[in-house]
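No lab work stands behind these numbers, since they all come straight from the coordinates. In this text the structure is predicted, and so the values were computed from the model without any measurement. In this analysis, Cβ positions are derived from the backbone assuming ideal geometry, glycine residues included, and neighbour counts consider all displayed protein chains.
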Amino acid sequence: MTQISLSGEVADAVNSGRPLVALESTILSHGLPPGRNLDVAKRLEETVRAVGAVPATIAVLDGTPTVGLSPAELERVCAPDAGLDKLSLRDLGPAIGLGRSGATTVASTSALAHQAGIGVFATGGLGGVHLGAQESWDVSADLGVLARVPTLVVCSGVKSVLDIAATLEVLETNSVPVLGYRTDDFPAFYLRSSGFPVPWRVDDPAQAAAVVAAHRRYSGSGVLLANPIPAESEMDERLHERLLTEGLQLVRGKGVHGKDVTPVLLEHFHTASEGVSLDANEALVLSNARLAAEIAVELA
Ligand code: PSU
Ligand code: MN
């Protein structure tokens, strides 16, 4: 059986109960362009370390789920010719069994982090219920995994390319607590508010840690902590509206389906906004990594 491979530093931290933060690789390989992705990957790890926690970026390399990528492995994942598949949880068995390499999503990163003994995970945006899911049935596996894996996922909400109201309903049905960080509104990735309220709010890392610790005594599900993009990096609402309309047209026109929808939309946002969306993306994911590390320190 293929074992999970933990880096020495990650294994030591897990064994000694030191704080750790898991980081995903799909955001690097499919969410950010080559060049920019490696820089962000390194800064994410530095941010986690600066708070006193150990970062563990996760991917599947040549059939081995790897928790805590080395600098060389991080470069491999971020390379322009990496050609990595996007692996959700359903894809882990096939990729591992067939000896393939791929980047992990929120769903598969959460599951691997939990197996490795890591309870806190920072990312950018969660997958959710797609617009038109009544017809397409396109609901991200991220939601189903949050329902049954006890990882704290720190993100900036979900993109407005998704059906946000339906996403919140599915989380409620699956008994996943959704917490707003210093906000009463569920954030929408590039925007600080989606217009939908969160059921609970926490105002500091200690409160978040207390909620997570209490939740874990009663439930096996995850917790979603929604941290809005820093105000100074929030995208202009009209620019956002334009990019969204264009992006959705592009996806429909090209007949893009399933797991390719998010990468195609992100690519449009990045090129059509001349990098504004990239700066926003970077700012929010760094902010989430910092907050996740602060909570991991509280939990440890
Ligand atoms: N949202 C983003 N950027 C991303 C993703 C989502 O803003 O890179 C990625 C994450 O890895 C997430 C995945 O877990 O897309 C969800 O994809 P799908 O909807 O195919 O499950
Ligand atoms: Mn999907």
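Structural remarks
- Lys, Arg +1 and Asp, Glu -1 on Cβ, resulting dipole of the range 218-265 about Cα centre, debye, nearest 20: 340 debye
- When the chain is treated as a Gaussian network with alpha carbon springs shorter than 10 Å, the biggest mean-square fluctuation among G144, G253, G97 belongs to G253.
- Scaled to the globular estimate 2.2 N^0.38 Å, the Cα spread of the range 213-300, given as radius of gyration, is 1.42.
- Comparing Y218, Y190, Y181 in a Gaussian network model of the chain where C-alpha atoms under 10 Å apart are linked, the largest mean-square fluctuation is found at Y218.
- Entry note, the chain: the mean residue ellipticity at 222 nm calculated from DSSP H runs of n ≥ 4, each adding -39500 (n - 2.57), is -15000 deg cm²/dmol after division by the residues and rounding to the nearest 500.
- Residues V21, V149, V77 arranged by fewest to most Cβ contacts within 10 Å: V149, V77, V21
- Full extension of the chain between D279 and R100 gives 61.3 nm of extra length, using 0.36 nm per residue less the Cα-Cα distance.
- Of R217, R100, R76, the one that fluctuates the most in a GNM where the chain has Cα springs shorter than 10 Å: R217
- Cβ-based exposure ranking for T109, T151, in which fewest neighbours within 10 Å come first: T151, T109
- Summing Lys and Arg as +1 and Asp and Glu as -1 over all other residues whose Cβ lies under 13 Å from the Cβ of A111 gives a net charge of -1.
- Estimated at 0.36 nm per residue, the fully extended path between E267 and A300 surpasses their Cα-Cα distance by 8.1 nm.
- Simple spin-label estimate for N15 and D39 in nanometres, 7 Å along Cα-Cβ: 3.8 nm
- Put in order of Cβ neighbour count within 10 Å, fewest first, the listed residues K159, K42 become K42, K159.
- Take the Cβ atoms of R90 and S175, set R0 to 30 Å, and the FRET efficiency comes out at 0.85.
- Computed over Cα pairs, the Kirkwood radius of the range 137-292 leads via Stokes-Einstein (1.567 mPa s, 4 °C) to a diffusion coefficient of 80 µm² per second.
- Dipole magnitude for the chain: about 580 debye, using +1 per Lys or Arg Cβ and -1 per Asp or Glu Cβ, origin at the Cα centre.
- Prolate/oblate/rounded call for the range 58-200, Cα gyration tensor, a/c under 1.5 rounded: prolate
- Under conditions of 37 °C and 0.692 mPa s, the chain yields 174 µm² s⁻¹ as its translational diffusion coefficient, taking Rh as the Kirkwood radius over Cα pairs in the Stokes-Einstein equation.
- Proximal charge balance of P230 [Cβ under 14 Å; K/R count +1, D/E count -1]: -1
- At full extension, E73 and D236 could sit 55.1 nm farther apart than now, given 0.36 nm per residue minus the alpha carbon distance.
- Of the residues T57, N37, T47, the one whose Cα sits farthest toward the positive end of the charge dipole of the range 26-65, with +1 on the Cβ of Lys and Arg and -1 on the Cβ of Asp and Glu, is T47.
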